[in-house]
Every structure is written in structure tokens, then in C-alpha cells.
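*Asks:* This is the structure I have questions about; it appears just below.
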Number of protein chains: 2
Amino acid sequence: MKARVFVTLKKGVLDPQGAAIGNALASMGFDGVDSVRQGKVFELDLADGSSQAQVEEMCQKLLANTVIEDYSVEIV
Amino acid sequence: MKARVFVTLKKGVLDPQGAAIGNALASMGFDGVDSVRQGKVFELDLADGSSQAQVEEMCQKLLANTVIEDYSVEIV
């Protein structure tokens, strides 16, 4: 069983890395990029019988900093 | 228009960061995690009329290191 976890900064949290990427794209001639935000994705290979609840517990405890980050879990 | 770009290490490329996360999960008592691979996700806010081809060009030129990374583009 595979799971994908997306961790992104909450709205309102400054993302200087994303802003730098946006500026770089603009300076390379890509117009029309209004904003860029960078996040993380984790691809987990899990034993069969693992549950989404377990993955969410992993997010709460390790994968995401829930003070400033949101996460979402997708079972593939 | 919004696009999401996923950048992950190619198969066969060592991912020490992912391995460290896998070890940390195991040491926290999460059994059944066979492997973890970490990647990046970019959320792009684009002007209307931008095309997927443009986003793929951004990946080729800036967002992904195509020597060691794969990317996929999803228009949201």
C-alpha cells in the first residue's frame, strides 16, 4: 500500500523560498506567474493493512509542523 | 489558473533524507513503513491562458534537476 503526504505552509505564513522561485521564473521570462509556494511531498511505502488514520498520526507527530503547515494524505 | 508540480527523485537515486524519516518513524513505533521518499511540490498561481507546456518548460529549466529528478504537472 502506498500513501502520499503533501505538506504545505498554511495560508498567511511567509514563504521566502517560493517567492525566490517566483522571482527567478519572472527573470527568466516566464510572465504570468502570480505566486509560487513550495511544499513537501512524502511517498510512503506501507505494509498492507495500514490505515489512513495511522498516516495522519505520522503527520501530526513527525512529518508536518502543524503550527505553520497543513497536510493532506492520499492513499494511492 | 493553478498548477501543481511534483518533483521527486528518480528511482535508483539515493534519498538519505527519506531514509532518515523512515528510521525516525520506526523508532517512534510506527511499524510497517517499508520506505519513505521525500520530494517537493510547487503550487503555482498562473495567469489565465497559461498552458501546461509552459509549466513543463519551467520544470525543465528551473524547478527540477532532470538529471536526478522526475517531475509531473497537474493543472488544478
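The values are calculated or read from the model by the stated rules, or taken from the named source; none is laboratory data. Predicted model, so just to flag it, every value in this text is computed and none were measured. When we count neighbours, we look across all protein chains shown, and the Cβ atoms used for this are built from the backbone with ideal geometry, even at glycine.
*Asks:* Modelled with pLDDT under 95 and closer than 25 Å to A:SER51 by Cα: is that true of B:ASP31 in this structure?
*Replies:* Yes.
*Asks:* So how many residues does segment B:45-76 have that are part of a strand (DSSP E or B), among the hydrophobic types (A, V, I, L, M, F, W, C) and more than 14 Å from the chain's Cα centre (by Cα)?
*Replies:* Adding up the residues that qualify gives 2.
*Asks:* Still on this structure, I have one more. Scan segment A:43-69 and report the pairs whose first residue is more than 15 Å from B:GLN38 (Cβ to Cβ) and within 7 Å of chain B (Cβ to nearest Cβ) and whose second residue is part of a loop (DSSP other than H, G, I, E, B) and among the acidic types (Asp, Glu), with Cβ atoms within less than 8 Å and a gap of 6+ or a chain change.
*Replies:* Listed pairs, sorted by first residue: A:ALA47/B:ASP31.
*Asks:* Restricted to segment B:4-43, and to residues that are of a type in the set (D, E, K, R) and part of a strand (DSSP E or B), which residue is nearest to B:ILE75 (Cα to Cα)?
*Replies:* Looking at residues that are of a type in the set (D, E, K, R) and part of a strand (DSSP E or B), I get B:ARG4.
*Asks:* For segment A:17-43, which residues satisfy the criterion of being of a type in the set (A, V, I, L, M, F, W, C) and buried (at least 19 other Cβ atoms within 10 Å of the Cβ)?
*Replies:* Listed by number, the residues that qualify are A:ILE21, A:LEU25, A:PHE30, A:VAL33, A:VAL36, A:VAL41, A:PHE42.
*Asks:* Can you tell which of B:LEU62, B:LEU46 is within 22 Å of A:GLY22 (Cβ to Cβ) and buried (at least 19 other Cβ atoms within 10 Å of the Cβ)?
*Replies:* Result: B:LEU46 is the single residue among B:LEU62, B:LEU46 that is within 22 Å of A:GLY22 (Cβ to Cβ) and buried (at least 19 other Cβ atoms within 10 Å of the Cβ).
*Asks:* On the given criteria, is A:VAL73 at the interface with chain B (Cβ under 7 Å from one of its Cβ atoms) and surrounded by 14 or more Cβ atoms within 10 Å (Cβ to Cβ)?
*Replies:* When the stated conditions are applied, A:VAL73 does not pass them.
*Asks:* Would you check which residues across segment B:1-33 are over 15 Å from the mean Cα position of the chain (by Cα), more than 8 Å from chain A (Cβ to nearest Cβ) and of a type in the set (A, V, I, L, M) and list them?
*Replies:* B:MET1, B:ALA19, B:ALA20, B:ALA26
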